[in-house]
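What follows is a short report on a single structure.
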Amino acid sequence: MLFEGQSISCELLAEGVAHLCFDNKNESVNKFDRATLGELEQATKALSQNSDVKAAVVTSAKPVFIVGADIKEFLGLFAESRETLLEWIEGANDVFNAFEDLPFPTVAAINGVALGGGLEMCLSCDYRVASTSAKVGVPEVKLGLIPGFGGTTRLPRMVGADNAIEWICTGNDHKPAAALKAGVIDAVVDDEKLKAAAIEMAKRAIEGKLDWQEARKQKQSPLLLDKVEAMMVFNTSKAFVAAKTKGHYPAPVAAVEVMEKSARLGRDDALVVEREAFATLAQSPQAESLISIFLNDQVVKKVAKTAAKKATVEIKSAAVLGAGIMGGGIAYQSASRGVPIVMKDINQAALDLGMSEATKLLTKGIERGKINTAKMAHTLNAIDPTLSYEAVGAVDIVVEAVVENPRVKDMVLTELEGLVDDDTIIASNTSTISIDLLATNLKRPENFCGMHFFNPVHKMPLVEVIRGSKTSDETVAAVVAYASRLGKSPIIVNDCPGFLVNRVLFPYFNGFGMLIRDGADFQQVDKVMERFGWPMGPAYLLDVVGIDTGHHASQVMADGFPDRMKKDDKDAVDVLFENERFGQKNGSGFYAYTMDKKGRPQKQVDDKIYDLLAPVSAQRKDFDKDEIIHRMMIPMLNETIRCIEEKIVASPAEADMAMVYGIGFPPFRGGALKYVDSLGLDRFVELCDQYASLGNLYVPTEQTRAMAKDGQKFYQV
C-alpha cells in the first residue's frame, strides 16, 4: 500500500499502474473536505516519490465518484477574512496542480456523480472514462459561486470557451453522451467495465499510444483564441448571461469574466484570477443566501425521507376527483411516476380536458427528447378517466380536487368516504380551506389530510401535506411518501386557514391592495417587485392565479384572521371580480391578454383598468421603490414569523423552502426568514413600526421584538 487514509487509499497494481481510490469511511458518499484534500496531497507525494509507478488510475469505491465540496465545512471558511480564504484556495490549487503535474499519465474512472470539485478532480487527470450511469457537471453557480479548484481554468482549455461557458454558467448536470460530445470525457463504458477500461487507457498511455503530455499541455496553456474570436465569444456571452440573471446572480457573469481575463494566461496565472473571483463571490450575500437554500433543501429532503420511512402503507394506486387542468396535472404526475391513477369527474368535457392536459405534457416530453412514444403510451394507459365512482373504491389514496368551496367539498368527501375501503387515505387538494373544517362530517378523520399541489403541477416542486388535528401519523407518512414518489418536495404543515404558503401570500396581496388604494400604479408596483426578484409582480400574479380564485381565497383568509386580514373597504380585486375580469383565464384582469403563435397568453396594458379602479384608488402618484418593497414585504414576513411561532411549520428551513418552491420567493434572498436575518431583526422591527399605521399586518409580534432586542436570528450560525 502506497498510502492509506480515512478517505483515500493508494496501491500499486501490475505493470506499474497505481490505483488511487476515494472511499470516505465516515460518510455514505465521497466529498472534498479539508481532511480529504490533505490526504490527496499526501497520496500525491507518495505517488511522486515511488519510481515504480508509471501511471495512476483514480476511482471511487462508493456508488458515486465525488459529489463535490463539503459546503457545510467551507461556510466557516467563507466567514474568515479575505486573506485567509485566498490563502486556503491557493493551497487547494497547489494540491490539484501537484496531482496534475505527476511525471506520468493519470486517468479518472467516473462512476455515478462527479460534480463540482469531483469533476475538477477529474479535470486534473489527463484522461477521463465514465460509466454509462455517470453524471457530471460544475453546479457552483447555483450556490452563488464559481468553480474554485481550477474549473474555470482547465475546462475552457479542454473543451473551448463556448462549451465551458455553457457548462459553468448554467450549472447543469450532463449525461455521459453529452460530456463525450463536448470533450469533457474521453470514453464511455458499461459500469462493470469501468475500472478495467481506465487501467487499459493508462497502459496505452504508458506505451506511448496516447499522447498524454500533449493532453496535459493543452490544459496548462493559454486558450487558442485570437483577439477577435475572444471578443466575440466573451462579449456576447456576458451580455446574454447578464440579461438572464437580471443583476441578481453575479456568479455566472463573474465566471465569464474570469475566463476572459485568463484566456491569454498559463495555468498558474489563470488560477490567480479564478481564486480572486471565487473569494469575492464566496463572501457575497447572494452566495450566503443560495448556500442557505441548498442546505435548507437538504433539511426538507431529510425530513421527508424520515417521515416516509415511517409509512406503514405503500401507495400503489391512486385516484383524483375533479379533472380539468389541475386534475389532469395530478393524474399526469402520478402516472408518469409509476402510480396508476383513476381520474373521476361528473363532466365528460372535464375528463377530456384532463386527458388533453396529460397528453400535451407528454407530447412536450417527446419533443424535448425526454421520453419516447412507448413511455407516452404507457403513461396515458395508467390514467383511467371515468364518470363512475366504481373504479375509485379500490385505490390506496384519493385526492379530492373539486371546486374550492367548503360546501361542495363536504358533500364530495362524505359521499366518497362511504365508497372507499376503511383504510383508504383521502386527501384534499384545497389551497385555503381548513382541514379540520373539511373533516367535520367524516367518520374516519384519521385517514384524512390536505395534499396541496401548486399550479402548474408538473412544474411546481412543492406539495404541502396538511395535518389536521385528528390526522394520524400513518396518514401523513404515507402521503409524504407518495408526494416524494411523484418527484415533489413535500413539506408537512399544521392546519390553519391558508396553511403556510397562502397564509403568507395573501398578506402580501393585502399590502398590494393598500398601495393601489393610496394611489400607486399597479404597473410600477409590478416592476419594482420584479426587480426585487419575484418572477412576476403582484398584479400579474393575481391575473395568473385568477382574480376569482384570489377573491375567494382572500375572503377565507379574512374570516380566518379578521384582526389583520379583514378589509375595511372594497379594493382593486373586488372591483375586478365584480366586473368579471378574472385574469388570464378570460383574457382580462389587471392586464389584457392575447394569445401568441404558440398559444401562450401575452399581457398588454388596458387603459380601461384605471377608470375601473378610480373609485377605490387615490389620485395616481409615484412611490419610492423602497416604500413599495417595504409595504409589500412586511406583511408577508410578519405572517411567516407568526407561522413559526404558532408551529404551523416546524423550522425556518422548511418555511423558507416552501416559499421558494411554492411562490417563487427570490432564491438569491434565501427565503423570507433568511431575508429578515439579512435585514437584521432590529432594522426589521424599526421598519414595522414605521408602517404600523397601515394596520395589524405591519405590527411585529412581541417575540420578534424580544429576538431583536437580544440580537437573535432565525438562522443561528
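We did not get these values from a lab; they are worked out from the coordinates using the rules stated. On a predicted model such as this, the values are computed, not experimentally measured, just so you know. Positions of Cβ are generated from backbone atoms using ideal geometry, with glycine treated the same way; all protein chains shown enter the neighbour counts.
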For this session: Please find the FRET efficiency linking THR414 to GLU166, where r is the Cβ-Cβ separation and R0 is fixed at 51 Å, and quote it to the nearest 0.05.
Result: 0.40
Exercise. Between GLU90 and LYS527, 0.36 nm times their residue separation minus their Cα-Cα distance comes to what?
Worked result: 153.1 nm
Exercise. Under 27 Å from the Cα of LYS25, which lysines turn up, not counting those fewer than eight places away in the same chain?
Worked result: LYS45, LYS62, LYS72, LYS135, LYS193, LYS195, LYS301, LYS302, LYS305, LYS309
For this session: Note down the relative contact order for region 55-212 as a percent, whole number, built from C-alpha pairs under 8 angstrom at least six residues apart.
Result: 26 percent
Exercise. Which FRET efficiency value, to the nearest 0.05, is calculated for PHE240 and GLU645 with the Förster distance at 35 angstrom and r the Cβ-Cβ distance?
Worked result: 0.20
For this session: For region 3-283, give the share of DSSP beta bridges that are antiparallel, in percent and rounded to the nearest 5; count only bridges with both residues there.
Result: 30 percent
Exercise. Using a cut-off of 14 Å between alpha-carbon atoms, which aspartates and glutamates can reach LYS217, once sequence neighbours fewer than 8 places away in the same chain are excluded?
Worked result: GLU100, ASP101, ASP126, ASP268
Exercise. Normalised by the residues of the chain, what does the relative contact order come to in percent, with Cα pairs under 8 Å and at least six apart?
Worked result: 9 percent
Problem set entry | Within region 115-147: backbone nitrogen closer than 11 Å to the LYS193 label point (7 Å, Cα to C-beta) | 132
Problem set entry | Cα-projected label distance for LYS713 with ALA374, points at 7 Å along beta-carbon direction, nm | 5.2 nm
Exercise. With the contact rule set at Cα under 8 Å and sequence spacing of 6 or more, what percent relative contact order holds for region 305-496?
Worked result: 24 percent
Exercise. For the residue pair GLN49 and ASN696, what label-to-label distance in nm results when each label sits 7 Å from Cα along the Cα-to-beta-carbon direction?
Worked result: 7.3 nm
For this session: Take ASP563, ASP574 and order them by how many other Cβ atoms sit within 10 Å, fewest up front.
Result: ASP563, ASP574
Seminar exercise, completed: Note to self: C-alpha centroids of region 584-625 and region 470-493 sit apart, in Å, by 39 Å
For this session: Do me a favour and compute the ellipsoid semi-axes for region 305-496 from its Cα gyration tensor, root of five times each eigenvalue, largest one first, whole Å.
Result: 25, 18, 15
Problem set entry | Whole-number D in µm²/s for region 209-286 (Stokes-Einstein; Kirkwood sum over Cα pairs; 37 °C, 0.692 mPa s) | 235 µm²/s
Seminar exercise, completed: One finds, for LEU295 and TYR610 with R0 = 51 angstrom and r their Cβ-Cβ distance, a FRET efficiency to the nearest 0.05 of 0.65
Problem set entry | Residues THR245, THR236, THR432 arranged by fewest to most Cβ contacts within 10 Å | THR236, THR245, THR432
For this session: Over the residues of region 16-138, compute the C-alpha Rg and express it relative to 2.2 N^0.38 Å.
Result: 1.05
Seminar exercise, completed: Normalised per residue, the volume inside the convex hull of the alpha-carbon atoms of region 356-437 in Å³ amounts to 130 Å³
For this session: Give, in nm to one decimal, the length gained when the segment between LYS175 and LYS25 is fully stretched (0.36 nm per residue of separation minus the Cα-Cα distance).
Result: 51.2 nm
For this session: Compute the separation of the alpha-carbon centres of region 643-706 and region 255-297 and state it in Å as a whole number.
Result: 30 Å
Exercise. Using the Kirkwood formula over every pair of different C-alpha atoms, what hydrodynamic radius in Å results for region 3-283?
Worked result: 18.8 Å
Exercise. Over what distance in Å are the Cα centres of region 37-88 and region 533-578 separated?
Worked result: 53 Å
Seminar exercise, completed: Tilt, helix 501-517 to longest principal axis of the chain (alpha-carbon atoms), in degrees rounded to tens, equals 70 degrees
Exercise. What pairs in LYS316/LYS344; LYS527/LYS608; LYS246/LYS625; LYS142/LYS238; LYS459/LYS585; LYS585/LYS625 have C-alpha atoms more than 22 Å from each other?
Worked result: LYS585/LYS625
Problem set entry | Taking the C-alpha atoms of the chain, convex hull volume expressed per residue in Å³ | 177 Å³
